[in-house]
1. Here are a few candidate values for volume of the Cα convex hull per residue in Å³: [x] 188; [y] 147; [z] 158. Which one was actually calculated from the structure I just gave you?
2. Need the full-extension length gain, residue 83 to residue 113, defined as separation in residues times 0.36 nm minus the C-alpha distance. One decimal, nm.
3. Could you pull out every one of the lysines with an alpha carbon less than 20 Å from that of residue 96, ignoring same-chain neighbours closer than 8 positions?
4. Using the scaling law 2.2 N^0.38 Å as the reference, what is the normalised Cα Rg of the range 26-86?
5. With a Förster radius of 35 Å, plug the Cβ-Cβ distance of residue 42 and residue 139 into 1/(1 + (r/R0)^6) and report the FRET value to the nearest 0.05.
6. Probe 1.4 Å, all protein chains in place: accessible area of residue 107 in Å², nearest 10?
7. Which whole-number percentage describes the relative contact order of the chain, with Cα contacts under 8 Å and a sequence gap of 6 or more?
8. Tell me the accessible surface of residue 26 in square angstrom (1.4 angstrom probe, heavy atoms of protein chains only), to the nearest ten.
Amino acid sequence: MYQENDYFWYITFYKTMENTSTDKIISIHQAQKEYFRSGETLCVCFRKKMLKKLLEAMEKWEPKLADALWTDLHKSYEEAVLTELSIVKGEIIQEKRGGAGFGYDPIFVPEGYDLTFAELGDDVKNTISHRARAVEKLCQFLKG
């Protein structure tokens, strides 16, 4: 099912969703760079599992991420949401579908839809994108 080195990646991504020391972050980063350069890849089911864990971590740690963006870059909470933290939940599929958009659009199906961003087109994409959600969140915040 998993390759021998999958356990390393499980530990790296799953077990480090906590306050992590700078030394540990540097060590993980170096190991990830070495693994990336190896040309190996993990199975799709494992990668999807880890992406779900990443989403959970982003939701759980949003306030601390916003605080870190303030500390490091002096981004206000609103700017952090607009530029870094707003996301669109969905699924990455294996086959490309649709001709519009760019990047991941042909393989990303947003939550609540059966079509990829590339199939939905820009009009729909621009109403449900991470940018649209960020602006909506900012408007709610400004209204109080």
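The values are calculated or read from the model by the stated rules, or taken from the named source; none is laboratory data. Since the model is a prediction, treat every value here as computed from it, not as a measurement. Cβ placement follows ideal geometry from the backbone for every residue including glycine, while neighbour counts extend to all protein chains displayed. Keep in mind that these areas ignore ligands, DNA and RNA; they rest on the heavy atoms of the full protein, side chains included. Shrake-Rupley method; radii C 1.70, N 1.55, O 1.52, S 1.80 Å.
1. The listed entry that was calculated here is [y].
2. Length difference between fully extended and current span is 8.4 nm.
3. Partners within reach: 48, 125.
4. Numbers: Rg = 14.9 Å, N = 61, 2.2 N^0.38 = 10.5 Å.
Relative to the 2.2 N^0.38 Å estimate, the range 26-86 comes out at 1.42.
5. So the FRET efficiency works out to roughly 0.35.
6. In the full protein context, residue 107 sits at about 40 Å².
7. Values: 114 pairs, mean separation 22.3, N = 144.
Reported relative contact order: 15 percent.
8. Using a 1.4 Å probe on the heavy atoms, I get roughly 110 Å².
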